[in-house]
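Step one of this worksheet: look at the structure below.
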Amino acid sequence: MSKEMIICDNVSKTFETSRGDVNVIGNVSLTVNENELLVLFGPGQCGKSTLLNCMSGLERVTTGSVTINGRTIDSPGPDRGVVYQRTALFPWLTVMGNVEYGPKVRGMSKSERREKAQYYINLVGLEGFENSYPNQLSGGMQQRVGIARAYCNEPDVLFMDEPFGHLDAQTRYLMQEDLIKIWEKEKRTVVFVTNNIEEAVYLADRIAVLTNCPTTVKTEYEINLPRPRDYIDPEFLRLREEISSVVDKAL
Amino acid sequence: MTGRNLKGISKYKKIYAAVISIFVFLCIWQLAVMFTDVGIVMVGPIEVIKLFFVSMVKPIGHDTIQMHIVWSLSRVMTGFVIGSALGVVLGILMGWFRPMNALFRPIYEIIRPIPPIAWIPLSIVWFGIGEPSKYFIIFLAAFSAITMNAFAGVRAVDPELIGAARMLGANNRQVFTTIVLPSCVPHIFAGLQIAIGSSWATVVAAEMVRASQGVGWVIIRGQDSNSTVQIMVGIVAVGIVGFALAVLMRWIEAKLCAWNVRGR
Ligand SMILES: Nc1ncnc2c1ncn2[C@@H]1O[C@H](COP(=O)(O)OP(=O)(O)OP(=O)(O)O)[C@@H](O)[C@H]1O
Ligand SMILES: [Mg+2]
């Protein structure tokens, strides 16, 4: 029986704007087990990022609560790692500077954090690029830096918000494959947001399908296909069809 | 590799083009002075260049032309350094701390549109006719450009980067020193670029009002003694030094902001 790592209990989120209140998350209850890879799958603009930000602590929930490892989440913190859609790398820092940033601000000694950062840089396959700046790297490599940076704090959970959304198809397949390799080597609880069904089925242990805004969990699917998965395996394609037919059309 | 070579070639081409365009301009100027009525009100470039080199050994007033440039530069540097330092500090504080903005912004907004040279009479009353009154005016010139840019830089910090830093464990002070400060460096450089230009323009104006050396004085002395060629020597010195300052600033920026697209 695996441990429940993240618990969203009746979470809702309403933004107060100058044009009135916008209810983005209707009512979401969701649990994520330890070392599980949960994919949040939903149409564009349905509130995926908002839900993820509520889980990571970047946004405050309006009602309900999020607990991770038994602790209620109400602000950002280094026990959670985030990989962003637009990378959010610090452009004035090198690859090494970005990856060691977390341990550095938390006061880890230089030799210790360098060693740790080097381990994760190697893990994501960026050995030799330690002294490059983000703007000298390709989109795929930038996201690798983002993954290494999130991992380097050794958080309990990782949140990934469409990290491969801006990549070309070829790079995207490669990144999905490598993400699974990295995750199998360094198991963490991962919540991965995407609006790409193929990506969802390829990565997920479980898929939570979200409705249009104000979003709720429409249904969930356990994906029990063995890894590494094959994009054209008949069972893969069947799941892909089935889940596609369930999801709302984007607004 | 090829990219680098291509870049190298285009750089040399640019320099060629610059040399040719200046040379052609000087030729036309010289011919116009020699063969048309322009000669009545203007001297030719050969005469100007000749006097420029002569004045490197034979003083205009008490100083050679390079010493006049040094005088002007020392005034600019004093006012520019103090003005930039204070401007960066005030701009960043106004950008990051709302109460600082509420307190200083109104005063700043009123002072900002006043051209620095409008302060010359008052600064002479306050600081006398010596050096301090010139430092004050140049200080103002540098200060207002820098403050605005440093302020804008802080306001333009990407909130997602601040969120990312907090998520990684940074506290408020660390967010300020490791995210806010570095990300406004390019804005500050843009401000320094404007400030060095307006400081240089202002020193010339200040020296034309009241000084006994410096490039502005060379120009105004030329006017008093009806020497068009001396005026031109002063103007050429102003142009060359102003250009050199801008190039120097860009070079420093490229060195310090290699990570930024602006600096590439
Ligand atoms: N801070 C905010 N204030 C007001 N409205 C917001 C805010 N953040 C998000 N929204 C609104 O919430 C809705 C969902 O946004 P969100 O970014 O969470 O969706 P998403 O599913 O991640 O979209 P995408 O597919 O583009 O990534 C949008 O309509 C957006 O306008
Ligand atoms: Mg989103």
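Before moving on, here are some points about what is shown:
- Of the numbered criteria (1) within 30 Å of A:SER75 (Cα to Cα); (2) without any contact (Cβ under 8 Å) to a residue 24 or more places away in the chain; (3) assigned to a helix (DSSP H, G or I), the one B:CYS184 fails is (2).
- From the options A:GLY81, A:GLY107, residue that is within 14 Å of chain B (Cβ to nearest Cβ), free of Cβ contacts under 8 Å to residues at least 24 places away in the same chain and not aliphatic (A, V, I, L, M): A:GLY107
- Matching residues in segment A:84-104 - criterion: being away from ligand 2 (no atom under 16 Å from the Cβ), facing chain B (nearest Cβ under 7 Å) and hydrophobic (A, V, I, L, M, F, W, C): A:PHE90, A:TRP92
- Comparison of B:ALA201, B:ALA170, B:ALA164, B:ALA195 shows that the only residue that is at pLDDT 90 or above and not in a helix (DSSP H, G or I) is B:ALA170.
- Matching residues in segment A:138-164 - criterion: being within 16 Å of ligand 1 (Cβ to nearest atom), within 12 Å of chain B (Cβ to nearest Cβ) and aromatic (Phe, Trp, Tyr): A:PHE159
- For segment A:115-142, the set of residues classified as surrounded by 14 or more Cβ atoms within 10 Å (Cβ to Cβ) and without any contact (Cβ under 8 Å) to a residue 12 or more places away in the chain consists of A:TYR119, A:GLN136, listed by residue number.
- Subset of segment A:25-80 [in contact with a Cys (Cβ under 6 Å, 6 or more places away or on another chain) and surrounded by 22 or more Cβ atoms within 10 Å (Cβ to Cβ)]: A:VAL28, A:CYS46, A:GLY47, A:VAL61, A:VAL66
- Residue count for segment A:165-211 satisfying the condition of being assigned to a loop (DSSP other than H, G, I, E, B) and among the hydroxyl-bearing types (Ser, Thr, Tyr): 1.
- Filtering B:GLY61, B:GLY87 for residues that are in contact (Cβ under 8 Å) with a residue 60 or more places away in the chain, within 24 Å of B:GLU131 (Cα to Cα) and over 25 Å from the mean Cα position of the chain (by Cα) leaves a single hit, B:GLY61.
The values are calculated or read from the model by the stated rules, or taken from the named source; none is laboratory data. On a predicted model such as this, the values are computed, not experimentally measured, just so you know. Every residue, glycine as well, gets a Cβ built from its backbone with ideal geometry; the counts of neighbours run over all protein chains shown.
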